[in-house]
Every structure is written in structure tokens, then in C-alpha cells.
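Everything below concerns the one structure shown next.
The values are calculated or read from the model by the stated rules, or taken from the named source; none is laboratory data. Model, not experiment: these values are computed from the prediction. Remember, those area values only see protein heavy atoms, side chains included, never the ligands or the DNA or RNA. Shrake-Rupley method; radii C 1.70, N 1.55, O 1.52, S 1.80 Å.
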Amino acid sequence: MLATVLVLSAGWKLGHRTEFGRAYRGLAPKAIAGAAGPALWVVAGLELLTVGMVMAGTWIGPALALLVVGAFTLRIAAAPGLAECGCWTMSFVPEPAVARRLTLTRNAVVLAVAAVALLGPSEIAARDLLAPVTAGVLLGLVVVELPLIVSIATIHRRLVHRA
């Protein structure tokens, strides 16, 4: 699941450079806020390196994921005006504070998975990986879309209550 989230995040950044740049300028310290172009490659590369380490089954992958996702999450938490993450699509929630909370919740799930992976790296034989990898990919998709899923459910609930 952790690898799926990071691959999707890196791929989204590379495919949505303008959105990443806008979010990066809001997140980065002023001294490096203008370096969105190079930062795109550094961040996406770091995410993909982390994926490689996670898939290698070492403790380094989950530790690196905790550092990367943790630092990003702390930055968003410290800046109440930031709602966009530049790592995946945003929710349909028009209120930036709610969108921000959804992003922080999603990141908390990713951090929890990284912490569990760090505590117990497994030595699963390659023949035993199909079911866990499939489940991890599907769960990863759900986690990255968590803000969108919650916002759609919220909008649906509001529409039902109006009717």
C-alpha cells in the first residue's frame, strides 16, 4: 500500500507540473519557493527511491517514507492557509480548511502504514506476494482518493438532506 501511494503521488506530480508548482510555492520556504521545476524532480525521485526501498523489504523504505511524508504533513499542519498538497487531486470540498483536514487525515493513514511496516518488515517469499500486493494496490488507491471519497459522500449527504 505504501509503495502504491508513493508511486501514484510521484506520477501525479510529474503529470501535473503546474499544480505541483503552485502547491510547492505555497509550501516551500521563501528562499527556495522559486525552484519548483527542480523540486518536482527531486521530490518525485525521492518518492520513487522510497518505493524501491519499500519493495526491497528493508527497514530503510518505511523509515524514509516516515521522513518524507512526515515532513510534508508537518509543513501542511503548520500552515493553516494551505489546502493544496500538489501530490494528488483535491477533493470537491469548497472550504480550504476541510480540504486541508482531509489531506492531513489521508497522510496520517499513510504514516500509520509506514510505521507498521517499519516495526515489522517481513520476509515473504515471492510466490506469496500476489494477494498482498493486489490488496496493497487497491488499498493505496483508496487512501490517495480518501479526500475525494469523503467530499463526495459529504456532498451526497447534503443533497439527500435537502430533498
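Using heavy atoms of the protein chains and a probe of 1.4 Å, the accessible area assigned to V150 is about 50 Å². With the biggest extent put first, the Cα atoms of the stretch 1-68 measure 36, 23, 15 Å across the principal axes.
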